[in-house]
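Accompanying notes for the structure given below.
Taken together, the values in this text are just the output of simple stated rules run on the coordinates, not laboratory data. Here the structure is a predicted model, which means the values were calculated and not measured. Cβ placement follows ideal geometry from the backbone for every residue including glycine, while neighbour counts extend to all protein chains displayed.
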Amino acid sequence: MSPVDVNANPLDLKPGIPQRLDSEVTRIVAPNAGVMTGAGTNTYLVGSRELAVVDPGPDDESHVQAIVSAGEGRIRWIACTHTHFDHSPAAARLKALTGAPIAAMRAPVTDHDLRLVPDRSLAPDDLIQCGGVTLRAVHTPGHASNHVCFLLSSNGMLFTGDHIMQGSTVVIWPPDGNMRAYLESLRRLLELDMRVLAPGHGYLIHSPHAEVERLIQHRLRREDKVRQAVLQAGEPATINMLLPRAYDDVPKVLHEMAALSLRAHLDKLVEDGELRCRGERYSGR
Ligand SMILES: [Zn+2]
């Protein structure tokens with residue numbers, strides 16, 4: 001988990017300025033930079049004659065105005081990768097201004113934008129057709145149970161939301177976040193004909209298959225550290241006891257967030273039958 005330097009905000013991730021990425025994709029960064037959001041949430045306008053907006057972002061009036069103005073009357077769909085508060089709340093305002101319907105998986109019950117009401121409730125592998133381009137919804141639970149990535153078939157660009165970020169590590173936050181599901185979702189991406197990743201935060205990522213492999217290995221290395229921390233603790237250990245050992249390479253300022261992912265790793269190891277948990281204390285079997 002690496003901290004993001006929000007002051008080093010390069011020009012092309014400056015909020016509010018449409019950045020053309022290729023003939024069918026434009027990115028506008030929302031003005032919500034922070035430790036968790038990097039330079040801000042990326043909103044993508046996808047298509048040419050007609051446009052789908054992927055991740056409208058936080059409900060910020062200036063951001064929605066920037067999207068509408070870049071859309072020049074062509075916005076036909078609003079698609080959300082998931083319903084965390086930095087990704088979907090602008091959907092309602094954008095729909096009111098453009099009339100475009102909202103496509104998303106329904107919000108689960110906790111820590112989500114429950115006000116989002118999809119006009120189209122997405123199922124795995126659903127297609128969104130928009131003026132000659134097609135977005136395929138690839139269900140990728142893990143960061144959030146209702147997370148989908150969108151694959152733009154014409155150029156192999158995969159919009160990854162918070163499943164894969166650039167410049168920071170994705171937090172897996174149980175119980176809606178699930179490490180086992182996250183790893184399975186990463187492995188599923190390896191089967192896709194994808195050529196570039198367009199993350200919800202940060203720059204485009206090239207060599208997508210190598211990046212996905214790197215992320216899987218990163219998680220498995222962390223899982224190994226977590227396993228070792230439990231086995232070497234000498235007694236059934238709490239999250240707070242395990243944190244300094246399992247995340248000794250992560251700055252203390254990030255430990256509160258790391259504790260969430262640590263719980264997700266521990267839950268997975270218990271599910272896998274490697275560890276046991278009794279009253280918030282973890283031990284070997
Ligand atoms: Zn999220």
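Kindly write out, for the stretch 219-234 in residue order, the coupling ³J(HN,Hα) from the Karplus curve 6.51 cos²θ - 1.76 cosθ + 1.60 (θ = phi - 60°), rounded to whole Hz, with x marking Gly and Pro.
Here the 3J(HN,Hα) series is 5, 5, 5, 5, 4, 5, 5, 5, 4, 4, 4, 5, 5, 8, 5, x Hz.
For Y282, what residues show an amide H to amide H distance below 5 Å, using hydrogens built from the backbone and excluding near sequence neighbours?
When sequence neighbours closer than 5 places are left aside, the close amide H contacts are A237, T238.
Could you work out the helix-only [θ] at 222 nm for the chain, with each DSSP H run of four or more residues adding -39,500 (n - 2.57) and the total divided by the number of residues, to the nearest 500 deg cm²/dmol?
My calculation for the chain gives -9000 deg cm²/dmol from helical runs alone.
Highest GNM mean-square fluctuation, the chain, Cα pairs closer than 10 Å: which of H63, H255, H147?
Of the options given, H255 has the highest mean-square fluctuation.
Return the FRET efficiency for the residue pair I17, E274: r is the Cβ-Cβ distance, R0 is 41 Å, and the value is rounded to the nearest 0.05.
According to the calculation, E is roughly 0.25.
Expressed as a rounded percentage, what relative contact order does the chain have, with Cα pairs under 8 Å and six or more residues apart?
Contact order relative to length: 13 percent.
Could you state the number of Å between the C-alpha centres of the stretch 93-134 and the stretch 183-202?
20
Tell me which residues come under 5 Å, amide H to amide H, from A79 once H is placed; ignore anything under 5 positions away on its chain.
Answer set, sorted by chain and number: V53, V54, D55, A103.
Please report the antiparallel percentage of the DSSP beta bridges confined to the chain, to the nearest 5.
Bridges in the chain that DSSP calls antiparallel: roughly 70 percent.
Of W173, T110, A123, which is farthest along the charge dipole of the stretch 49-195 in the positive direction, counting Lys and Arg as +1 and Asp and Glu as -1 at C-beta?
A123
Given the peptides 224-231, 36-43, 152-159, 238-245, arrange them by the average over their residues of other C-beta atoms within 10 Å, most packed first.
Ranked by mean Cβ neighbours within 10 Å, highest first: 36-43, 152-159, 224-231, 238-245.
Using the Karplus curve 6.51 cos²θ - 1.76 cosθ + 1.60 with θ = phi - 60°, what ³J(HN,Hα) values do you get for each residue of the stretch 45-58, in whole Hz, with x for Gly and Pro?
Result, rounded to whole Hz: 9, 10, x, 9, 4, 10, 10, 10, 9, 9, 6, x, x, x.
If you take every residue apart from P101 with its C-beta less than 10 Å away from the C-beta of P101, what net charge results, scoring Lys and Arg +1 and Asp and Glu -1?
Result for the neighbourhood of P101: +2.
Please list, ordered by chain and number, the residues whose modelled amide H lies under 5 Å from the amide H of D22; skip anything fewer than 5 residues away on the same chain.
none
What does the C-alpha gyration tensor say about the overall shape of the chain? Classify as rounded when a/c is under 1.5, otherwise prolate if a/b is larger than b/c, or oblate.
prolate
Per residue of the stretch 213-218, what does 6.51 cos²θ - 1.76 cosθ + 1.60 with θ = phi - 60° give for ³J(HN,Hα)? Whole Hz please, x for Gly and Pro, Karplus curve as stated.
With coefficients 6.51, -1.76 and 1.60, one gets 4, 4, 5, 4, 5, 4 Hz.
Any chance you could list the semi-axes, whole Å, largest first, of the equivalent ellipsoid that the Cα gyration tensor gives for the stretch 19-171, using √(5λ)?
20, 17, 16
If you add up the charges near K225, with Lys and Arg at +1 and Asp and Glu at -1, over every other residue whose beta carbon is less than 13 angstrom from its beta carbon, what do you get?
+1
Cβ under 15 Å from T140's Cβ, T140 left aside: what net charge do those residues give with Lys, Arg +1 and Asp, Glu -1?
Combined, the nearby Lys, Arg, Asp and Glu give -3.
K268: which lysines have alpha carbons under 30 Å from its alpha carbon, excluding same-chain residues fewer than 8 sequence positions away?
K225, K252
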